[in-house]
Amino acid sequence: MMAIRLCLKNKRMRLIFTMLVTLISASVYCQWSNDPSTNNAVCNFSGSQTLVQEVSDGAGGAISTWVDTRNGAQDIYAQRIDMNGVLQWAVDGIAICNAASDQYSPRLVSDGSGGVIVTWYDNRSGDYDIYASG
């Protein structure tokens, strides 16, 4: 408390402190609905969608990836959502990998240019290998 009082004697420090307190106490508003009846569906295709990963797209939106069983096996799908919650790719996502056998445990990281690099375990050759797509 003593350090704050000493710093606040300086007019410039008081102004900075006041601005910080104002910013910290300001209300934050979500751009998307938080009403369960109007939430933003990323994918609601038949089958299971699990193991979701998500990163910022650098423009206020996000890119998500998940394991999807819509074709009977475990495949990797993705979706981009803009800052307003609007889907940018095909409804229910796009296939990142739907090769024979199972693909699972997707991980993604921003590529620094608005896209992502996705990696996953893949059993198409009979033993699990690591694949990637960007």
Sparse-neighbourhood loop sites, chymotrypsin sites (Phe, Trp or Tyr not before Pro) in the range 44-78 - DSSP loop, at most 15 other Cβ within 10 angstrom: Phe45
Fully extended contour minus Cα-Cα distance, from Ser37 to Tyr104, at 0.36 nm per residue: 21.1 nm
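On a full-extension model of 0.36 nm per residue, what is the gain between Arg124 and Ala95, subtracting their alpha-carbon distance, rounded to one decimal in nm?
Length gained, Arg124 through Ala95: 8.9 nm.
Read-outs throughout are calculated quantities, based only on the coordinates presented, and are distinct from any laboratory measurement. These numbers come from a predicted model, not from an experiment. So basically every Cβ, Gly included, is an ideal-geometry build from the backbone, and we count neighbours across all protein chains shown.
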